[in-house]
Structure formats: C-alpha cells, structure tokens
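Okay, so here's the structure we're looking at.
The values are calculated or read from the model by the stated rules, or taken from the named source; none is laboratory data. Fair warning: this is a prediction, and the values are worked out from it, not measured in the lab. No Cβ is skipped: glycine too gets one built from the backbone with ideal geometry, and neighbour counts run over all protein chains shown.
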Amino acid sequence: MLSDSRFIERDTRENAAIHFRWWHTFSRSSRKDTMSERQDLSAHGTRLDPWYSVYADRALGMRQSEVRQLFAVANRPEVVSLAGGMPNISGLPIDFLSEMIGRLVSERGTKILQYGGGQGEEELREMIVEVMRPDGVRGHPDDITVTTGSQQALDLISEIFINPGDVVLAEAPSYVGALGTFRAYQANVIHVGMDEHGLIPENLEETIRELEKAGRPIKFLYTIPNFHNPAGVVLSAERRPIIAEICKRHHVLIVEDNPYGLLGFNGDPLPSLQTFNPDGVVYLGSFSKTFAPGFRVGWAYAPPAVSARITLANENAILCPTTFGQLVIAEYLRTYDWYDQIEKYRAQYAERGAAMQDALERYMPMCTWNKPVGGFYTWVGLPEGLDAKDMLPRAVTNLVAYVSGTAFYADGQGGDHMRLSFCYPTPEEITEGVRRLGEVVSAEAELVDMFGIGSDQN
C-alpha cells in the first residue's frame, strides 16, 4: 500500500497528466492548413461556429502560441514552470507606488482617467528619451509612439508594412509573439542563421541577395540584438555596424526589438542598431520587463514619416494608449530612482541565471546550452534523436514545464531545442525543475540508445 506522501505525489502527477493531455489534444487539433480547412467546411460554417465561412483568411491563420497553450498547465502550483517569460516583480517598491498612485489620482484624477492622444502623453515620451540613452539612442519625443506594450507596436508595424505574401526576415530562432503577428498578417517569414554571437552577417547578406535575385522584396528584418528571446545571446559589437550597413545598402528596414536591453548582468547594453542607421531602424521598447507588465505600456521610436503612420494606425486601433498607465510610469520615472531598480533586477536575474547554469551542469550534462549574460532565457540543445515537443507530455507528468524550440520557428524547425526561463522561479525552484527535467531527458535518451528511434515512435 502506498504511503500518504507517495499517494499524493502520484495523484498530483496524474492530474497534471490529465490537464496536459487535454492541452496536447487541443493544440494538435488546431494545426490544419487554412486553405484545406476552408475547403473542408460548408459555406454555412460549422455546428460550433456558424460564422466560420465569413472569417477573413488572416483570421483562420491565427493560432494560439505554444507558450500560451502551455499557460494553464504550467501555472498549476505543483508544476515547476521553466516555460513562461513573466518578470519577477516582487522587488518593486510597492509602498512607494501605492502612495504615489494615490497622490496622482488625488491631484490629477480628471487627467489620468480621461482619454489621451493617439501618440501618447508627451511627458512620458520625454522620459522615454532618457530611458533609451543607455542604448546610445538620442531620440526625440515627437518620433515616439506609445503603444499597449511592444507587442502592439509589432502589430502596428505589421499592419502598415505587410501585404499577404510579403517577406519578413527573422532570426532562427525568433520571438514566438512576433511570429504569430507576422502570421496573422499573412507574411512569409524567412529565417536567417545566428550563432553564439547573434545574427550572422554573411547569412543575412546571402539571404537578401537570393530574395532580390528571385524578385521578392523584403519588408523588414526583425531582430532582438540584446539577450535574445529565446536564444539568450547578444549580437556582438563587431557585427552591429555590419548588420546595419547591409540593411542600409539593400534598403531593408530593421525592426529592433529591445525589451531586455537594460537587464544585462554586467551593466548597460551595447549600442543599439539604431545608432548606426537612424533613418533605417524602428526601435521597440517596453516597460513590461523593466518595470511592471500589468500597465501594458511600450513604445516605437521610428524615423519621422514611419512614426506618423504608426501613430495613425494606433489611433485607428485603440484611439489612445492608457492615460492612467502612462502617467503612473512617467511619475515613477520622474520621482523614483528607476535606474537603481534596474540594477536590483539585474542582480536578481543574475542569481537566477547562475542557478540555472549550476543545475544544468549537475542534472543535464548530456545537453548543450548557452550561458546568458542577461535577460530571461537559456537555449538548451537536446541529445541526438530527442524531440522537445514530443517529450513535453512526459515532462509535465514529471511536474516540470518548458517551451519546445518549435514555437520559435515559422517553418517547423526547433524540435532539437527547448527554451528554459529563469526569470520568475526562485533559485531553489529552478534547481528542482531542472532536476525533474533531467530525469525526463535521461529516460528519453535511454530509449533512443536502446531502440535507435524517437520516443514518439514507440
């Protein structure tokens, strides 16, 4: 007979497995190609959705990301989640913020609770100029558009640039949220290789030349140069001016996404790509990682003509970004030592990143991984023959979650990698999560060694 503790553990694992099987079935059932999906159904829709036949093709191409699909399972209390990218905001000055927000409402309530302009509040845009200075960006408030997080900025940029079938370049791998947005606008995403030093200039040049030769214009290059999501790498100082020059020479706009730039463990980031070609880069920033994601405030800093169109698209989409959130953040930046808070975040994430490295060395020596010097993520390579997506049900049954590398590609690559996040769990939770994951990887590797085939084929 099982002891109480073993019974509880077995019950917990079984519950996690049941929830995961539901998610796994749902996610696999949503993969049909848009055109075949349309052809399979009558002109009058389906029993579950009578309006199905009315949807635009771009709506049928929308898919929930693998990260979001995992959310319900990964956030169960018994599961150690190494999957999500939530910042750990436990160190925020809550008492200060409570007093500050109360005073702001008391003194400026009719302002902060009212509509604002589509470009965003000028006092916040002026503060954003200061926030971008550590990146070397010398911006002007008139060329900044405040958005609902930088995710909405990606949507606005896609709206004003992408027609169905247009080419967008992105690193291999790339941010899952960006890929989802590009897919929604029916872009053709072509990946460009990267290594431990970031985007490879030679690969970029070769890809651009091949597309030019084929008569396929490129709308923009999407890149995360600092503490990449998911790869965790930094674009080297030597490559930055080269990347900017290649894109300038070929008239390819750069969309530089920089949510993690200030979160380097050892100080400020390298100069932004924007500093090498100010007229050819749209710079995206966010307060979600460096302050608090609940306010949903980000921005796009762009050349004047592009900025004007982003603002128009913003007005059409949402009328105006949150006045309340903007003015709270502006007041925080004005009255609190926000850079000291950044340094506290750096120390916090450095400790968690070190815990991840130590745990990987101890429990997963059969794998390969990078050693991030900032940001939230470690990119882990699996032993030959293992598939991260197929292994995920076993991991969740063992009460640990990660994101399969397949989430970060538009073309089905990535099964040999996984993204592990060290931003939110405590160092102790990270260690335990990696230990549990190591058990799963070891078991999968033994099956491959024994039978010479992947576990999904057994």
Index of the failed condition, SER421 passing every other in (1) under 25 Å from the mean Cα position of the chain (by Cα); (2) surrounded by fewer than 23 Cβ atoms within 10 Å (Cβ to Cβ); (3) within 26 Å of ARG63 (Cα to Cα): (2)
- prompt: Given the residues ILE162, ILE157, which is the only one that is hydrophobic (A, V, I, L, M, F, W, C), touching a Phe, Trp or Tyr at 6+ places or on another chain (Cβ under 7 Å) and buried (at least 20 other Cβ atoms within 10 Å of the Cβ)?
  reply: ILE162
task: Kindly indicate the residue of region 268-285 that is in contact (Cβ under 8 Å) with a residue 40 or more places away in the chain and surrounded by fewer than 22 Cβ atoms within 10 Å (Cβ to Cβ) and also nearest to GLY91 (Cα to Cα) among those meeting that condition.
output: ASP268
message: Of everything in region 210-227, what is in contact (Cβ under 8 Å) with a residue 12 or more places away in the chain and over 14 Å from ALA172 (Cβ atoms)? Give them in sequence order.
response: LEU211, GLU212, ARG216, PRO217, ILE218, LYS219, PHE220, PRO225, ASN226, PHE227
Enumeration of residues in region 241-250 that are among the basic types (Lys, Arg) and touching a helix residue (DSSP H, G or I) at 6+ places or on another chain (Cβ under 6 Å): LYS248
query: Using beta carbons and a limit of 7 Å, which pairs, at least six apart or on different chains, have the first residue in region 83-105 and within 18 Å of ARG296 (Cα to Cα) and the second one among the charged types (D, E, K, R) and not in a helix (DSSP H, G or I)?
result: PRO87/LYS289
- request: Could you identify the single residue in GLU99, GLU123, GLU130 that is outside the structural domain of LEU284 (by the TED database), farther than 23 Å from TYR349 by Cα and either part of a helix (DSSP H, G or I) or modelled with pLDDT under 95 (or both)?
  value: GLU99
task: Can you tell me which residue within region 181-208, out of those that are assigned to a helix (DSSP H, G or I) and touching a helix residue (DSSP H, G or I) at 6+ places or on another chain (Cβ under 9 Å), is farthest from PRO241 (Cα to Cα)?
output: ALA184
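Yes/no per residue for (1) in a loop (DSSP other than H, G, I, E, B); (2) without any contact (Cβ under 8 Å) to a residue 12 or more places away in the chain; (3) under 22 Å from GLU444 (Cβ atoms):
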position	(1), (2), (3)
ARG346	no, no, no
LEU360	no, no, yes
PRO372	yes, no, no
THR378	no, no, yes
ASP390	no, no, yes
VAL396	no, no, yes
- line: Among ASP387, ASP456, the single one that is modelled with pLDDT of 95 or more and either in contact with a helix residue (DSSP H, G or I) (Cβ under 8 Å, 6 or more places away or on another chain) or of a type in the set (D, E, K, R) (or both) is ASP387
Qualifying residue in region 153-175 (condition: part of a helix (DSSP H, G or I) and closer than 19 Å to GLY325 by Cα): yes
task: Could you tell me whether SER42 is closer than 30 Å to GLN348 by Cα, of a type in the set (Ser, Thr, Tyr), modelled with pLDDT under 85 and touching a helix residue (DSSP H, G or I) at 6+ places or on another chain (Cβ under 8 Å)?
output: no
statement: All-but-one check, LEU319 against (1) assigned by the TED database to the domain that holds GLY180; (2) closer than 25 Å to ALA178 by Cα; (3) in contact with a helix residue (DSSP H, G or I) (Cβ under 8 Å, 6 or more places away or on another chain), failing number (3)
query: For region 209-239, how many residues are part of a loop (DSSP other than H, G, I, E, B) and either over 30 Å from LEU82 (Cα atoms) or out of contact with any Ser or Thr (no Cβ under 6 Å at 6 or more places or on another chain) (or both)?
result: 18
message: Go through region 169-181 and report how many residues are farther than 17 Å from MET62 by Cα and buried (at least 24 other Cβ atoms within 10 Å of the Cβ).
response: 5
- request: Give me a count of the residues in region 103-144 that are among the aliphatic types (A, V, I, L, M) and touching a Ser or Thr at 6+ places or on another chain (Cβ under 6 Å).
  value: 2
- prompt: Is it the case that region 395-415 has a residue that's surrounded by fewer than 23 Cβ atoms within 10 Å (Cβ to Cβ) and closer than 30 Å to ALA292 by Cβ?
  reply: yes
task: Scan region 421-443 and report the pairs whose first residue is assigned to a loop (DSSP other than H, G, I, E, B) and whose second residue is of a type in the set (Lys, Arg), with Cβ atoms within less than 9 Å and a gap of 6+ or a chain change.
output: PHE422/ARG352; CYS423/LYS289; CYS423/ARG352; TYR424/ARG352; PRO425/ARG352; THR426/ARG352
message: Any residue that is in contact with a Gly (Cβ under 7 Å, 6 or more places away or on another chain) and more than 18 Å from LEU284 (Cβ to Cβ) - is there at least one of those in region 220-230?
response: no
task: Being touching a helix residue (DSSP H, G or I) at 6+ places or on another chain (Cβ under 8 Å) and either surrounded by fewer than 19 Cβ atoms within 10 Å (Cβ to Cβ) or among the hydrophobic types (A, V, I, L, M, F, W, C) (or both) is the filter here, so list the residues in region 209-230 that pass it.
output: PRO217, ILE218, PHE220, LEU221, PHE227
- prompt: If you go through region 241-262 one residue at a time, do you hit one that is in a helix (DSSP H, G or I), within 21 Å of PRO304 (Cβ to Cβ) and among the acidic types (Asp, Glu)?
  reply: no
